[in-house]
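Step one of this worksheet: look at the structure below.
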């Protein structure tokens, strides 16, 4: 591949009535990979050494096969540069020039120059921009292989030759909350692009059923004062709470079993274990409280009086 200023060669070609000479060089463009500027020194002599007084122009031929030129630029005799546009990135092109005089008599082709256009197109990454995980028993969650979830393409580099890096890497433990994961793809020409995935790790809700309590019959109702908290994940999820009886000698009726703060009415004396369960739709937590219903005290004596 030629890059930058490649060479400066003279060629000599034969034509009927005139012999022309051209000095030819090629320069890479600074801004666009899909164009190239070809520069030359105008010939001043015919091949036989006589002065060239009727130079009419230069025809710059180019194509993607050596010796076979599908395109040409027609340039006046005063022009010392021609820019070929519309080239395809990463493709090798072949250039040769002919000089011609006022009678349109051409020289032979110059020596062939070879130029490969630069690849300046970044890889394309397609895939999700959000991903939800649930907190595990160790706290937080392990990141999966996000590369497997993405489609990565490039204009020239084969998929297996694209270098793909995930940061943080697969298997990294991240805390509950939000973490940004970046996947970067780099092609063989060094062009790169990045794709960011926002990872939301859903934390388990926190629940407290409150302090243990006791009541004494005939009072058969106890107040339940629980507390719950959540991280509002997963997005769009609904937090639900439920009171249930775990154990006890009788039955329990809850004023509102779905309310965190409610009342429980007991059918008989004994020790009852009540459970408050909270769920965010993905993860569930629970806590228990014990309520002891004590036997009623005996009534005091009545009609207390002085005996005879």
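For the range 206-294, the relative contact order works out to 38 percent when only alpha carbon pairs closer than 8 Å and six or more residues apart are counted. When both bridge partners sit in the chain, DSSP labels roughly 90% of those beta bridges antiparallel. Compute log10 of I(q)/I(0) for the range 46-173 with the Debye formula, placing one identical point scatterer on every Cα and leaving out solvent, at q = 0.09, 0.11, 0.12 Å⁻¹, to two decimals. Normalising to I(0) and taking log10 leaves -0.52, -0.62, -0.67. Sort out for me the Cα centre separation of the range 42-85 from the range 91-131, rounded to whole Å. Centre-to-centre distance over Cα atoms comes out at 17 Å. Dividing the Cα radius of gyration of the range 84-234 by its Kirkwood radius returns 1.48 for Rg/Rh. When you count the other C-beta atoms within 10 angstrom of each residue and take the mean per peptide, 281-290, 74-83 line up highest first as 281-290, 74-83. Considering the range 108-166 at the alpha-carbon level, its Rg and Dmax are found to be 21.0, 80 Å.
Find how much the distance from residue 265 to residue 160 grows on full extension, using 0.36 nm per residue of separation minus their present alpha carbon separation; answer in nm with one decimal.
Values: separation 105, 0.36 × 105 = 37.80 nm, distance 6.81 nm.
Fully extending the segment from residue 265 to residue 160 adds 31.0 nm.
Normalising the average separation of contacting C-alpha pairs (under 8 angstrom, six or more residues apart) by the number of residues puts the relative contact order of the chain at 12 percent. Across 168, 51, 123, mean-square fluctuation computed from a Gaussian network of the chain (C-alpha pairs under 10 Å connected) peaks at 51.
Expressed as a whole percent, the proportion of Cα-Cα pairs in the range 206-294 lying more than 21 Å apart is 30%. When you count the other C-beta atoms within 10 angstrom of each residue and take the mean per peptide, 169-177, 205-213 line up highest first as 205-213, 169-177.
Given contacts defined as C-alpha pairs under 8 Å and at least six residues apart, what's the relative contact order of the range 29-132, whole-number percent?
Details: 182 pairs, mean separation 29.4, N = 104.
Taking the mean separation of contacting Cα pairs over the length of the range 29-132, I get 28 percent.
A straight line joining the Cα centroids of the range 177-197 and the range 277-305 runs 58 Å. Recomputing Kirkwood radius over Cα pairs in Å from the coordinates shown identifies the correct label among [x] 23.6; [y] 22.5; [z] 27.7 as [z].
Read-outs throughout are calculated quantities, based only on the coordinates presented, and are distinct from any laboratory measurement. These numbers were taken from a predicted model, which means no experiment stands behind them. Every residue, glycine among them, receives a Cβ derived from its backbone with ideal geometry; neighbour counts consider all protein chains shown.
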